[in-house]
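See structure below.
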Amino acid sequence: MPRRRAVPSLASLCLQSLAQHMQSLWAKDYSDNYLDEYEFRFLVGPFNDLASGLLQELLRVLGATRRLSRAALHLLLLPHLRQLSLRHCPALANNALGHLLVLRCQVGLGEWGGVGWGCHSLWGWGEGLGK
């Protein structure tokens, strides 16, 4: 008899739904009206109350499904974010992202191991983290 697939958790299903609709719903207004016009130190939005672990998992799901856009990343760079991996989307790693990380995320350089420090575009701003 064939094995049944494991039933996904409610949290997993919710994160998959968020990832599926990130660009068309959650990040649409920001990308249409603010992405290239302004630089915000803080963004108050629907993801502010997500626990750090769920925020990190959402970023992982977005990256793994190739749905992590620059607008979505801007919305998810919150002060309580503790880890960031851009292995699936290295094109997002640049000096502008580094500047946003320094402004919005209050963590030390060592805690961003998954961000892709091998990207030459990220080397110049790392000393500003944790100050």
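The values are calculated or read from the model by the stated rules, or taken from the named source; none is laboratory data. If you're wondering where the values come from, they're calculated on a predicted model, not measured in any experiment. Note that each Cβ is placed from the backbone with ideal geometry, even for glycine, and that neighbours are counted across all protein chains shown.
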Name the pairs whose Cβ atoms lie under 6 Å apart, with the first residue in segment 17-36 and within 17 Å of LEU59 (Cα to Cα), the second surrounded by 14 or more Cβ atoms within 10 Å (Cβ to Cβ) and of a type in the set (D, E, K, R), and 6 or more positions between them or separate chains?
-> ALA19/ARG67; MET22/ARG67
By residue number, the members of segment 11-42 that are in contact with a His (Cβ under 9 Å, 6 or more places away or on another chain) and of a type in the set (Ser, Thr, Tyr) are TYR30, SER31, TYR34
Quick one: would you say LEU25 is outside any loop (DSSP other than H, G, I, E, B), surrounded by fewer than 16 Cβ atoms within 10 Å (Cβ to Cβ) and touching a helix residue (DSSP H, G or I) at 6+ places or on another chain (Cβ under 8 Å)?
-> no
Of the numbered conditions (1) in a helix (DSSP H, G or I); (2) loosely packed, with under 15 Cβ neighbours inside 10 Å; (3) at pLDDT 85 or above, ALA71 fails exactly one; give the number of that condition.
-> (2)
Among PHE42, PHE47, which is surrounded by 14 or more Cβ atoms within 10 Å (Cβ to Cβ), assigned to a loop (DSSP other than H, G, I, E, B) and in contact (Cβ under 8 Å) with a residue 24 or more places away in the chain?
-> PHE47
Of all residues in segment 74-86 being modelled with pLDDT under 85 and of a type in the set (A, V, I, L, M, F, W, C), which is surrounded by the fewest Cβ atoms within 10 Å (Cβ to Cβ)?
-> LEU86
Hey, does segment 87-95 have a residue that's surrounded by fewer than 11 Cβ atoms within 10 Å (Cβ to Cβ) and part of a loop (DSSP other than H, G, I, E, B)?
-> no
